[in-house]
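A short worksheet on the structure shown next.
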Amino acid sequence: ALAAAMRRAARGPLRLAALTGYGRQAGVVTHTPADAAAFDLHLTKPAGMEDLRRALEVNAELPVGSAGDARAG
């Protein structure tokens, strides 16, 4: 609900990343179809500097607004 509200309030494409304790392994996890409605990327705890660097690289490779566009249909 919060992610959807943030996307509605954004003045342009918005990429959201989640930092969560729920995950099978630490590190960067790209979004799954079920997660796409809320977040573009997921980081699982504990996330280190290398994880953050990889997240930024993955984020740069994603089409701008891709998660928002997928939900709009």
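Miscellaneous remarks
- Any hit, segment 17-40, residues being over 19 Å from Ala5 (Cβ atoms), surrounded by fewer than 16 Cβ atoms within 10 Å (Cβ to Cβ), modelled with pLDDT of 80 or more and not polar (S, T, N, Q): no
- Filter result for Glu61 (surrounded by fewer than 16 Cβ atoms within 10 Å (Cβ to Cβ) and modelled with pLDDT of 80 or more): no
The values are calculated or read from the model by the stated rules, or taken from the named source; none is laboratory data. Here the structure is a predicted model, which is why all the values come from computation and not from measurement. Note that we place each Cβ from the backbone using ideal geometry, even for glycine, and neighbour counts take in every protein chain shown.
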